[in-house]
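The values are calculated or read from the model by the stated rules, or taken from the named source; none is laboratory data. Model, not experiment: these values are computed from the prediction. Every residue, glycine as well, gets a Cβ built from its backbone with ideal geometry; the counts of neighbours run over all protein chains shown. With ligands, DNA and RNA removed, areas are computed over all heavy atoms of the protein, side chains included. Shrake-Rupley method; radii C 1.70, N 1.55, O 1.52, S 1.80 Å.
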Amino acid sequence: MKPQPPSSSAPRLLRLGVLGSGKGSNFVALADACAAGQVAAQVVSVLSDVEAAGILDHARTRGLPATFISPGKFRTKLEDDAESEYVRNLQNAGVEWVVLAGFMRILKGGFLRSFPGRVVNIHPSLLPAFPGLEAWRQALDHGVKVTGCTVHLVDEGVDSGPILGQATVPVLDDDTPASLHARIQEAERHLYPAVIAAIAQDRIRFDGRRTRGFSMNAPSAR
Ligand code: GRF
């Protein structure tokens, strides 16, 4: 029997590669939203620099290709050969957009040029406030009353690329770093799939650093 062409009514699914180093709660939210048809995308490769990372287990449980690629000798970035291997894996899988979900290494120009303007990250603060590590703790120590999370394009700076979407989370009087972090992560699990859905539908328009086409009411914070 001759192979049938794909049905024209099936939506085209954006091909995503997800990179993470940790437990993978953002990946789970995104992969499950894709599987449920809420995001017109599919995860085609999951990569980690940590062999025992929960994100790899979550991917395997869902039957998705999951690969540990050793980062090499550095602590905060990938060795050149390792970075090339990440790019090779993603290109072989036909990845169109790269989604960073708790990937704890800085990606250099070579990687970013392989996916120009198509690498996104989620950060646990309202950027440009509190870039870098433990942003929830920075927000608490600074004494802000509102913080949140940000999905942004990745450039060569630290958490500095154009902002695609944000969600707010109030800081409560009795918050600890752990309680605030937990509520921010809850907000992330709504924000990230919603922004990727907008990307998959080609709704986001760029005007320098300004972007249009995505907005979202803050998820309930408590
Ligand atoms: C998220 O909280 C995100 O803000 C930061 O890394 C964390 C990853 O958590 N970039 P998880 O692995 O998705 O649970």
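Some notes on this structure:
- Residue check, Asp80 closer than 27 Å to Gly132 by Cβ, surrounded by 15 or more Cβ atoms within 10 Å (Cβ to Cβ) and of a type in the set (D, E, K, R): no
- Restricting attention to segment 140-158, the residues being surrounded by 18 or more Cβ atoms within 10 Å (Cβ to Cβ) and within 29 Å of Arg203 (Cβ to Cβ) number 8.
- Residue check: Thr67 meets all listed conditions (1) away from the ligand (no atom under 16 Å from the Cβ); (2) assigned to a loop (DSSP other than H, G, I, E, B) but one, namely (2).
- Among the residues of segment 195-212, those identified as open to solvent by less than 30 Å² (accessible area, probe 1.4 Å) and closer than 10 Å to Leu164 by Cβ are Val195, Ile196, Ala198, Ile199, Ile204.
- Segment 160-203 - residue that is under 30 Å from Ala36 (Cα atoms) and of a type in the set (Asp, Glu) and, of those, modelled with the lowest pLDDT: Asp202
Residues checked against (1) basic (Lys, Arg); (2) open to solvent by 90 Å² or more (accessible area, probe 1.4 Å); (3) under 15 Å from Phe103 (Cα atoms); (4) modelled with pLDDT under 95:
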| residue | (1), (2), (3), (4) |
| --- | --- |
| Gln4 | no, yes, no, yes |
| Ser8 | no, yes, no, yes |
| Val28 | no, no, yes, no |
| Val39 | no, no, no, no |
| Leu47 | no, no, yes, no |
| Thr76 | no, no, yes, yes |
| Asn89 | no, no, no, no |
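- Filter result for Gln185 (open to solvent by 50 Å² or more (accessible area, probe 1.4 Å) and farther than 30 Å from Ser84 by Cβ): no
- Extreme residue, nearest to the ligand (Cβ to nearest atom), among residues of segment 11-60 that are of a type in the set (Ser, Thr, Tyr) and more than 15 Å from Leu191 (Cα to Cα): Ser21
- Scanning segment 27-59 for residues that are touching a strand residue (DSSP E or B) at 6+ places or on another chain (Cβ under 6 Å) and not in a strand (DSSP E or B) returns Phe27, Ala31, Cys34, Glu51, Ile55, Leu56, Ala59.
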